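Here's the structure, in structure tokens; my notes come after.
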Amino acid sequence: MSETIQDPGMQQRRLPLPEFVAMLAFLFATIAFSIDAMLPGLPEIAADLTPQNTNNAQLVLTAFVAGMGLGTLFAGPISDAIGRKRAITLGFVIYAVAALAAVFAQSLEFLLLARFVQGLGAAGPRIVGLALVRDLYSGREMARITSFVMMVFIIVPALAPAAGAGVIWLSGWHGIFIAFILFALIGSAWLNLRQAETLPPAHRRPLQARMLIASAREVLNDRQVMFCTLILTLGFGQMFGLLSSAQQLFGETYGKGDAFPAWFALMAILSGSGTILNATFVIRYGMRRIAKWAYIMQTVVAGLMLVLLLGNLLPEPLRFPAFFFWAVSLFFMAGVTFGNLNALALQRMGHIAGMTASIVSAVSTIAAVLIAAPVGLLYNGTAVPVVAAALICSGLAWYLMRYLDD
């Protein structure tokens, strides 16, 4: 079950695997960059657009994620109907136009609207990229490929805050959106010039209500897909919760504001080892077993961290190192679990990969925002809210893993 070939000519139309992985990694990196490059700009955005309540600047992140969550409902079915390349390109166009609008934002409300629409467009490369992989691969081989892609998805945040800080230094926070436009142009060009269409016209499914409803019902009635979706929700929720408060935690709580991009970079680079380990061992041990142990690890680490925080048991010199170790463990968990869970969800759904990827990502992302937004707004000068959220989410995910098949 290592590969799925849609038609006899598919093998010849594949890019060399290294370039295929690199291209997919760039598409996914665009999403990561769109979130994390904004982090250094939040203080300036807060000062310019919402000085009366600086916590509201966090909504610039959650608005993007919410838009992406809604967009995923449409990106997959559209790609099943018009092909993968057209759907990804359409998403990039929407993404770039919204980024251009954000350049001229003069109010927080307008910026949030532009970010929401930008998220809608970002759903194209994020969701259809997964369907494109499923057109060519399945099972543990797909999990191995998505692990390499996720490695870039996690390491990009290591560079994004530093890159965002550099852009802000040169042109203010508005300039970050010009960088987003450049990302969209490069991604579109690479896809359209190098990648052949992976979904032949004979295998496409028209955008007809009857067929869409039938496909959606098949996905929603599949027990494996629904449990994967719920577990992904818990994983994304705790990660987005940390991202929402990262700037304040590093800067206000632990006094590392000036060095925030460097610490964030180190955290993401260390976390990237999780994807390397997963790609190395997933063929041998399976997707479910590796993901389960990652959630066990995070449950234990978050539980210990919460006890230390609530009991005020850490001496001053150890407070930041302990927090940093926990944050690395959270991103490590993401690198080990997300690729595996997506592969498990798509394993039996190759014939409706677009619809499946859309429903899984839409539900998990939108529901994750419902977890992350209040966690971010509950920031109280300590790491207690985000650590408590990680303990609850990882514990529940560990429990639910028992219902999955490998």
Subject >> Whichever residue in the stretch 176-200 is open to solvent by 70 Å² or more (accessible area, probe 1.4 Å) and free of Cβ contacts under 8 Å to residues at least 60 places away in the same chain and, among such residues, is farthest from Pro161 (Cα to Cα) >> reply: Leu193
Original post:
Of the residues Phe92, Phe74, Phe104, which is under 20 Å from Ala357 (Cβ atoms) and open to solvent by 10 Å² or more (accessible area, probe 1.4 Å)?
Top reply: Phe74
Original post:
Looking at Ala291, Ala343, Ala353, which is the one that is open to solvent by less than 40 Å² (accessible area, probe 1.4 Å), over 23 Å from Trp398 (Cα atoms) and out of contact with any Pro (no Cβ under 8 Å at 6 or more places or on another chain)?
Top reply: Ala353
Original post:
With Gln298, Gln248, Gln238 as the choices, which residue is in a helix (DSSP H, G or I), open to solvent by less than 20 Å² (accessible area, probe 1.4 Å) and closer than 22 Å to Leu318 by Cβ?
Top reply: Gln298
Subject >> Qualifying position, being in a helix (DSSP H, G or I), within 16 Å of Ala179 (Cβ to Cβ), within 19 Å of the chain's Cα centre (by Cα) and among the small types (Gly, Ala, Ser), among Ala75, Ala96 >> reply: Ala96
Subject >> Unique residue being crowded, with 24+ Cβ neighbours inside 10 Å and more than 20 Å from the chain's Cα centre (by Cα) when the list is Leu130, Leu111 >> reply: Leu111
Subject >> Per-region count, the stretch 392-406, residues outside any helix (DSSP H, G or I) and of a type outside the set (Asp, Glu) >> reply: 1
Subject >> Which listed residue is open to solvent by less than 10 Å² (accessible area, probe 1.4 Å), in a helix (DSSP H, G or I) and at pLDDT 90 or above, from Ala322, Ala389, Ala327 >> reply: Ala327
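The values are calculated or read from the model by the stated rules, or taken from the named source; none is laboratory data. No experiment lies behind these values; they were computed from the predicted model shown. Neighbour counts are summed over all protein chains in view; Cβ atoms, including those assigned to glycine, are modelled from backbone coordinates with ideal geometry. Please note that ligands, DNA and RNA were not included when accessible areas were found on the heavy atoms of the full protein model with its side chains. Shrake-Rupley method; radii C 1.70, N 1.55, O 1.52, S 1.80 Å.
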